[in-house]
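Trainee: Got a structure here, written out as structure tokens. Questions coming.
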Amino acid sequence: MKILYNRYKGSGNMTQWQAVNYIDEWQRAGYEIEYLEVNYSDKEGSAELISSTLLGSDFDIFISACDDQVMTSDVRDAMKKKGVPSLLICFDNLSVPFKHKKCSTYFDLVWLTSHETKYLFDKWGANTMFMPYAANPFTYQPTSGEELSGMAFVGTVYGGRINKVEEILKRDIDVRLYGGNSPSAEGENPAKNLLANLSSSLDNVYRLSSFPIGRQALKAAAIKSTKKFEISDSLQALIKNRSSLSFEEVAKTYSRSKMSLNITELWNTYLLAKPIHKLHLRTFEIPMSGGLQIASRTDEIQDYFEEDKEIVLYDSMDEFVEKSRFYLRDDNAALREQIKHAARERAASEHSWQKRFLKAFAALGVK
């Protein structure tokens, strides 16, 4: 089978994660791949390139991770003329569903990675399927070696993430940070940011105000604007001394760490009585690596992993701290290994990218 895969150009992790995840699984499955990379800032040129490639190439399925910025009506017409099954992947449909409002109706199937905004796509006339993220069992594998001390977090530390890390630091729980960017802007007032970028900010506010989750995000931003945030010296020291990781090193870190922190609160919504949760790649990469993760208890995450057997969950900050201390104890090494093994087995059997894509292919009638 040959895939024509359309995505935005980029050399950073936002592009490379696709290569080590589902593209690698495509290659291992024997699929032939033709890449159609376009420039986000060149709408007309990108739309023309997509249209001409659609009409000039031979392939069995067209898969795109782009949005309305380049998926124009001309591209729609080329897709119709070609008549080949098409799949749109919406990785950020929870927080920015409007990015795909028009083009979602051009595709035979739209894969949503968050179920909360599915009703919007259905209202717009898209044919949708919900499936969460996944992890590549070949990239993320258990590795042997001495356990790394304390709790690990891989990613940028901001918002609710700072809140969680600060809390366990105050309780004298060992934490290690990897990757991500500096959170020095965390204390900035969102209202000031809005005024500094008025045109784009007003457009975002208008779009966010058009659906419930967006309005909750705006409410949280307003609350944050009334508060003053400071980062402790302990956290600043951790951030200063952290190291960047390759994808291979991320997997090893997850596998060998006693426990890895998975923070799911969206943006500033950790400030709300009921935060909005978004499951990220690490939700599946940690267990696929043979790691033990601790995360907020949500209905969705409990659909994918069994509590206390494959994952550790909590509802409150006190429960988070209590369980962190318990599972990080040296005398619980055997229990950690038991959960890690079960988590890897569950992830490998149910949460690979190939499993996800086979369901989409079946829905499209593609063998």
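Trainee: Tell me, what does the Kirkwood hydrodynamic radius of the chain come to in angstroms if you use every pair of distinct C-alpha atoms?
Mentor: That comes to 21.9 Å for the chain.
Trainee: With a 1.4 Å probe and all protein chains kept in place, how much accessible area does Asp315 have, in Å² rounded to the nearest 10?
Mentor: Its accessible surface works out to 110 Å², give or take rounding.
Trainee: What is the chain's relative contact order, in percent, from Cα pairs under 8 angstrom and six or more apart in sequence?
Mentor: 16
Trainee: Please report the antiparallel percentage of DSSP beta bridges with both residues in the chain, rounded to the nearest 5.
Mentor: Bridges in the chain are about 5 percent antiparallel.
Trainee: May I pose another question? With a ≥ b ≥ c taken as the square roots of the eigenvalues of the C-alpha gyration tensor of region 246-367, please select rounded if a/c is under 1.5 and otherwise prolate if a/b is larger than b/c or oblate if it is not?
Mentor: It is oblate, given that a/c is not under 1.5 and a/b is not larger than b/c.
Trainee: With +1 assigned to the C-beta of every Lys and Arg and -1 to the C-beta of every Asp and Glu, and no other charges, what is the dipole magnitude of the chain about the Cα centre in debye, to the nearest 20?
Mentor: Charge dipole, the chain, about its Cα centre: 620 debye, nearest 20.
Trainee: Give the cross-link partners of Lys252 among the lysines, using a straight C-alpha distance below 27 Å as the criterion and excluding same-chain residues fewer than 8 apart.
Mentor: Within the straight-line cut-off, Lys252 pairs with Lys164, Lys240, Lys278, Lys309, Lys323, Lys340, Lys355.
Trainee: Also: Tell me which of Ile89, Leu358, Ala237 sits at the most positive position along the dipole axis of the chain, charges placed on C-beta atoms (Lys, Arg +1; Asp, Glu -1).
Mentor: After comparing all options, I get Ile89.
Trainee: To the nearest Å, what is the center-to-center distance of region 234-264 and region 21-81, using C-alpha atoms only?
Mentor: A separation of 34 Å, based on Cα centres.
Trainee: On to the next question. Please list, in order along region 129-137, the HN-Hα scalar couplings obtained from phi with the Karplus expression 6.51 cos²θ - 1.76 cosθ + 1.60 (θ = phi - 60°), rounded to whole Hz, x for Gly and Pro.
Mentor: 9, 9, 8, x, 4, 8, 8, 7, x
Trainee: Give the long-range amide H neighbours of Met259: residues separated by 5 or more places, or on another chain, with amide H under 5 Å away, using H modelled in the peptide plane at 1.01 Å from N.
Mentor: Ala152
Trainee: In addition: Under a point-charge model restricted to the Cβ atoms of Lys and Arg (+1) and Asp and Glu (-1), what is the dipole moment magnitude of region 260-361 relative to its Cα centre, in debye to the nearest 20?
Mentor: Approximately 440 debye in magnitude.
Trainee: Using alpha-carbon pairs under 8 Å, 6+ residues apart, how would you state the relative contact order of region 199-302 in percent?
Mentor: Relative contact order here is 27 percent.
Trainee: Turning to a different aspect of this structure: With charges only on Cβ, +1 for K and R and -1 for D and E, what is the dipole size of region 194-282 about its Cα centre, in debye, rounded to 20?
Mentor: 220
Trainee: So what's the back-of-envelope 222 nm ellipticity for the chain, counting only DSSP H runs of four-plus at -39500 (n - 2.57) apiece and dividing by all residues, rounded to 500?
Mentor: It lands at -12500 deg cm²/dmol.
Trainee: With helices defined as uninterrupted DSSP H runs, which ones in the chain have an alpha carbon span along their own long axis of at least 18 Å and mean Kyte-Doolittle hydropathy of at least -1.0?
Mentor: Membrane-span-like by this criterion, though nothing is claimed about a membrane: 43-56, 212-225, 333-350.
Trainee: Positive end of the charge dipole of region 1-130 (Lys, Arg +1 and Asp, Glu -1 on Cβ, about the Cα centre): tell me which of Trp111, Tyr31, Thr128 has its Cα farthest that way.
Mentor: Thr128
Trainee: Taking square-rooted eigenvalues a ≥ b ≥ c of the alpha carbon gyration tensor, is region 12-162 rounded, prolate or oblate, where a/c under 1.5 means rounded and, failing that, a/b exceeding b/c means prolate?
Mentor: Prolate, because a/c is 1.5 or more and a/b exceeds b/c.
The values are calculated or read from the model by the stated rules, or taken from the named source; none is laboratory data. The structure presented is a predicted model; accordingly, all values stated were derived computationally and were not measured. With ideal geometry, Cβ positions are generated from the backbone for all residues, glycine too; neighbour counts draw on all protein chains shown. Ligands, DNA and RNA are stripped out before the accessible areas are found, and what is left, the full protein with its side chains, is counted by its heavy atoms. Shrake-Rupley method; radii C 1.70, N 1.55, O 1.52, S 1.80 Å.
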